[in-house]
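Below you'll find the structure, written out as structure tokens, and then a few comments.
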Amino acid sequence: MKKTVIRGLVASALAGAAVFGAAAPALAAPAPQDVVIVDEPDTTNLDNAYTFAPLGVPVFGLIRSVNAVPGKLLPSFG
């Protein structure tokens, strides 16, 4: 029983060290950078079928894309 507990603790310590070691680059402090000013995004073309999304999904663009799949997959012999 005591061996099992010690093995579990050692395994968790090794797993924690591995996770911490893998996360070290992400936890490193970034180098100081210059301030970047970003302009407002261009929203002039956001009224087409692929960006109008009343349900969270662009419904009309999705339907149009799904309807176009058979024509792109199957060869045309015309």
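What follows is calculated from the coordinates using simple rules that are stated; it is not laboratory data. Everything quoted here is computed from the prediction, not taken from an experiment. Reconstructed Cβ throughout: ideal geometry from the backbone, glycine too, with neighbour counts over all protein chains shown.
Over the chain, with a single point scatterer placed on each C-alpha, what log10 of the ratio I(q)/I(0) does the Debye formula yield at q = 0.11, 0.27 1/Å?
Result of the Debye calculation: -0.77, -1.19.
Modelling each spin label as a point 7 Å along the Cα-to-Cβ direction, I'd like the Val57/Ser12 distance in nm, to one decimal.
4.2
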